[in-house]
Amino acid sequence: MFKPIDYQKHVSFQDSIEEYKGGAEGFDVLFVGAGPSSLSGAIKLAQLSKNGGRELSIAVVEKSEAVGHHILSGAIINPRAFRELFTEMDEKDFPFSSIVKKDSVYFLTKNSSFSLPIPPLMSNHGNYVASLSEATRWLAKKA
């Protein structure tokens, strides 16, 4: 039986750690990874701290050269989270390409296809088509 572990070079845990030689920065909150969740969390936390009268030092660190470089997927996005996060903005200002106008589900066979009813949780009517990379870069600008 093939096991990838049998073909991997052994590397000790200590050999895989590099000492950080940069300066020490102090932050109240640190988000690791500049993906949609971390960026949304940083934005919401900044909004809450500002509205609560307490300024927090918030940082987001990203291993990639630029935000969005590791986000390669297209997506169907429900605008609800964007509406809740950016209450003062109109949906037309969000980083979406177009609205989903029609859904279809088909069962495919070798020679034919059959239309199936769309399960409620798979309905995307009213959601938006977007590039997740573009949406992440847009969130980074807002953060």
Which of the strands (runs of 3 or more DSSP E) found entirely inside region 57-143 contain at least 3 residues meeting this: within 15 Å of the chain's Cα centre (by Cα)?
74-77, 128-131
Just to be sure I understand, how many residues within region 84-108 are closer than 26 Å to Ser40 by Cβ and hydroxyl-bearing (Ser, Thr, Tyr)?
3
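This table checks each residue for (1) among the hydroxyl-bearing types (Ser, Thr, Tyr); (2) surrounded by 16 or more Cβ atoms within 10 Å (Cβ to Cβ); (3) closer than 30 Å to Glu25 by Cβ.
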{"residue": "Ser38", "(1), (2), (3)": "yes, yes, yes"}
{"residue": "Gly52", "(1), (2), (3)": "no, no, yes"}
{"residue": "Ile77", "(1), (2), (3)": "no, yes, no"}
{"residue": "Pro117", "(1), (2), (3)": "no, no, no"}
{"residue": "Leu132", "(1), (2), (3)": "no, yes, yes"}
Output for region 49-87, where each listed residue is in contact with a His (Cβ under 8 Å, 6 or more places away or on another chain) and either free of Cβ contacts under 8 Å to residues at least 12 places away in the same chain or within 27 Å of Lys101 (Cα to Cα) (or both):
none
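Rule-based calculations on the coordinates, nothing more; no lab input. Only a predicted model underlies this, so the values are computations on that prediction, with no experimental measurement involved. Here the Cβ is made from the backbone with ideal geometry for all residues, glycine too, and neighbour counts use every protein chain on show.
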